[in-house]
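Here the structure is laid out as structure tokens; the discussion comes afterwards.
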Amino acid sequence: MSFDPEKNTAYASEAGYSNGYDHQNGNGIGNGHRKSSIPGLKENNVAVGEAADLYGDISDAEHYGYVARGLKSRHIQFIALGGTIGTGLFLGIGTAFANYGPLSVLLGYTLTGIAIWAMMQCLGEMAAWLPLPGAIPQYCARYVDPAMGFAVGWNNWISASLTLCAEISAAAVVIGFWNDTINQAVWISIILVVILCLNIFAVSIYGEAEFIFASVKIVTIVGLLLLAFIIDLGGSPNRGQPDGQGRLGFRYWKSPYEAMKAYHNTSNKNTGRFLGVFSTLVNAAFSYGGVEMVAVAAGEAENPRKNIPKAVRRVFWRILFFYVLGSLAIGVTVPANDERLTNGGGARASPWVIAVSRAGIPVLPHIINAVILTSASSSGNAFLFTGSRYLFALAQNRQAPRFLLQCTKAGVPIYCVLITCSIGLLTYMTVASSASTVFGWFLTLTTITSLFTWVSALIAFLGFRKACRAQGVQDSDKPFVAIWAPYTAWIALVFFSIIILFNGWEVFTRGSWDVEGFVTAYIMVATYFAFYAFWRVFKRTKFVKPAEADIWTGKAALDAEIWPEQIPKNIMEKIWFWIA
């Protein structure tokens, strides 16, 4: 089968695969099977098989090539746990603490985390059924409207490209913690070259890099949580000194400190506190940005029917331990009125660094900053991968130039990687302007684009559910089923939509009008709908009818592939297989 996103119709291809669906009776018949061999298509070459199934032409598949399933289980699991944990959790969260207080931040990260968990459940159901490179733009084009696939695809590419800039900018700022005499352009150049090298050769190299980076981040965050617990109970080295902290408990949540700071320019304290909590939601959304990368990587994962559901379930623990407990740990070890949170400059403003410094622990701040640098570089690496795959998905949908489909022998969409990496050159803006100011621009812009990505994924999921019902696919036929769907999908959809609509509310308050603030808050909203309107008018697309939605193209080749079962030989392997 192959897919024409303009007509949204599926038709038989030369690839010679059955799609596992009985169109006469309308019933699923299990895994598809290879019906015939094709000249030039090796029996074990699943990559060419998938490409032929999607493009509808074996010659196109052989000419352009296709991405390779080189991401092993451990790569996918560690990407799910720590792949895109970056500067939002280590740096960006400090400003939110200073402005709104620890309880407001905890509530903001928890509420956003619940919505993220619901969204990932929905995205996991679609990705396990049909794991495609880029994923979200293709799901939107197939299940909702090709114009929506166009809008979310280009929106996602812009989001990933700008987040790449934000992470590189943050990494350069962190290096300034040790040496601020060398021009930041030098560090930006080095980081860009390293990230490009990790993405341009083979996806397995990218996977290994993310496995190592994620391992470092996971070990560090677990260590910091334990350290915060010890500091909170009075175990810091300076506890016996006259100005030592002693046992903290929830000292910084009580008077004279404020657990929930009222937003400025509000006469009513309760209203101010509510606005403070709402304002943390935008900051939290930036920190969670890229969590959907597991689905994006599904098209290059080994045994995706097993590994994607496993990874999606692990997102819950990532949210709980790293974001929720992380924000709680910071809240009990650092007072919100510590001037370094807003005036520390770069890595010195990291609440984790401040907490360790206040506890009187030498050397450790340097280690934490090294980890922050690793995290920023890792996230930049991840967003270059993500952005290139979104561009690749657009080319598959015939919504971007076809030359972008060209892959190397190692299965890397080379032009997609190079073009996305070139956007990283915008990071040099931090050399001419204030790095913190430019980082703030990137933060706001990428937050809104991330929110649109999640909203689009949820709308696509609702369309997917309707298509499954209309075409006789039962939940029991699916490798993974979202918990409490579709109710959770609707709740998360409303939650994210509210943040998008009101994220720039402050500029409308009396005396706060700011053209730059308004443009930054809403330009990506206008951009998304402009993309949608352009493709809707240009191609005269229509909403997809559930009975005609293409939930099959590309599935047969994957169903025909047999993945070896991992059987642990001893207790250590059993533990490792459970982890990774």
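The values are calculated or read from the model by the stated rules, or taken from the named source; none is laboratory data. What you see is a predicted model, and the numbers here were worked out from it, not measured in a lab. All Cβ positions, even for glycine, are placed from backbone atoms using ideal geometry, and neighbour counts span all protein chains on display. These area figures cover heavy atoms from the full protein model, side chains too; ligands, DNA and RNA do not enter into them. Shrake-Rupley method; radii C 1.70, N 1.55, O 1.52, S 1.80 Å.
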**Asked** residue 466 is checked against (1) touching a residue at least 60 places away in the same chain (Cβ under 8 Å); (2) under 27 Å from the mean Cα position of the chain (by Cα); (3) within 29 Å of residue 311 (Cα to Cα); (4) open to solvent by less than 60 Å² (accessible area, probe 1.4 Å) and fails just one. What number does that condition carry?
**Response** (4)
**Complete:** Looking across the stretch 339-363 at residues that are part of a loop (DSSP other than H, G, I, E, B) and of a type outside the set (A, V, I, L, M), the single one that is nearest to residue 78 (Cα to Cα) is 350
**Request:** Test residue 422 against the criterion of being of a type in the set (Ser, Thr, Tyr) and open to solvent by 30 Å² or more (accessible area, probe 1.4 Å), and give yes or no.
**Result:** yes
**Complete:** Counting only residues in the stretch 511-533 that are touching a residue at least 40 places away in the same chain (Cβ under 8 Å) and open to solvent by 70 Å² or more (accessible area, probe 1.4 Å), the one nearest to residue 158 (Cα to Cα) is identified as 523
**Item:** All positions within the stretch 504-558 that are acidic (Asp, Glu) and either in contact with a Lys or Arg (Cβ under 7 Å, 6 or more places away or on another chain) or on the phi > 0 side of the Ramachandran plot (or both)
**Value:** 550
**Request:** For the stretch 302-313, state whether one or more residues are more than 18 Å from the chain's Cα centre (by Cα) and farther than 29 Å from residue 479 by Cα.
**Result:** no
**Residue satisfying all of: in the stretch 182-218; in a loop (DSSP other than H, G, I, E, B) and not polar (S, T, N, Q); nearest to residue 421 (Cα to Cα) among these** = 201
**Prompt:** Scanning the stretch 51-75 for residues that are of a type in the set (Phe, Trp, Tyr) and at pLDDT 85 or above, which turns out surrounded by the fewest Cβ atoms within 10 Å (Cβ to Cβ)?
**Reply:** 64
**Message:** Within the stretch 219-245, take every residue that is open to solvent by less than 20 Å² (accessible area, probe 1.4 Å) and assigned to a loop (DSSP other than H, G, I, E, B) and give me the one that is modelled with the lowest pLDDT.
**Reply:** 245
**Asked** Just one of the numbered conditions (1) more than 19 Å from the chain's Cα centre (by Cα); (2) part of a helix (DSSP H, G or I); (3) among the small types (Gly, Ala, Ser) is not true of residue 472; which one?
**Response** (2)
**Request:** Just one of (1) open to solvent by 50 Å² or more (accessible area, probe 1.4 Å); (2) farther than 22 Å from residue 92 by Cβ; (3) without any contact (Cβ under 8 Å) to a residue 24 or more places away in the chain trips up residue 189, so point out which.
**Result:** (1)
**Request:** Could you check residue 343 against (1) touching a residue at least 24 places away in the same chain (Cβ under 8 Å); (2) surrounded by fewer than 24 Cβ atoms within 10 Å (Cβ to Cβ); (3) not small (Gly, Ala, Ser) and say which number it fails?
**Result:** (1)
**Fill in**
Being in contact with a Cys (Cβ under 9 Å, 6 or more places away or on another chain), touching a residue at least 40 places away in the same chain (Cβ under 8 Å) and under 26 Å from residue 577 (Cα atoms) narrows 68, 127, 80 down to just 68
**Item:** Members of the stretch 79-133 that are at pLDDT below 90, open to solvent by 10 Å² or more (accessible area, probe 1.4 Å) and under 13 Å from the mean Cα position of the chain (by Cα)
**Value:** 81
**Request:** Check whether at least one residue in the stretch 479-488 is in a helix (DSSP H, G or I) and open to solvent by 40 Å² or more (accessible area, probe 1.4 Å), and report yes or no.
**Result:** yes
**Request:** Would you mind stating whether residue 502 is over 27 Å from residue 73 (Cβ atoms) and either open to solvent by 60 Å² or more (accessible area, probe 1.4 Å) or of a type outside the set (Gly, Ala, Ser) (or both)?
**Result:** yes
**Tabulated pairs, the stretch 566-580, first part of a helix (DSSP H, G or I), second loosely packed, with under 10 Cβ neighbours inside 10 Å, C-beta under 9 angstrom, 6+ apart or interchain** = 573/567; 577/567
**Request:** Evaluate the following for residue 555: is it more than 28 Å from the chain's Cα centre (by Cα), of a type in the set (D, E, K, R) and either closer than 25 Å to residue 55 by Cβ or surrounded by 15 or more Cβ atoms within 10 Å (Cβ to Cβ) (or both)?
**Result:** no
**Request:** Go through the residues of the stretch 169-178 one by one and say whether even a single one is surrounded by fewer than 24 Cβ atoms within 10 Å (Cβ to Cβ) and without any contact (Cβ under 8 Å) to a residue 12 or more places away in the chain.
**Result:** no
**Prompt:** Can residue 543 be described as in contact (Cβ under 8 Å) with a residue 12 or more places away in the chain and either outside any loop (DSSP other than H, G, I, E, B) or within 29 Å of residue 77 (Cβ to Cβ) (or both)?
**Reply:** no
**Request:** Could you grab me the full set of residues in the stretch 306-338 that are in a helix (DSSP H, G or I), out of contact with any Leu (no Cβ under 7 Å at 6 or more places or on another chain) and open to solvent by less than 20 Å² (accessible area, probe 1.4 Å)?
**Result:** 307, 308, 309, 311, 312, 315, 319, 330
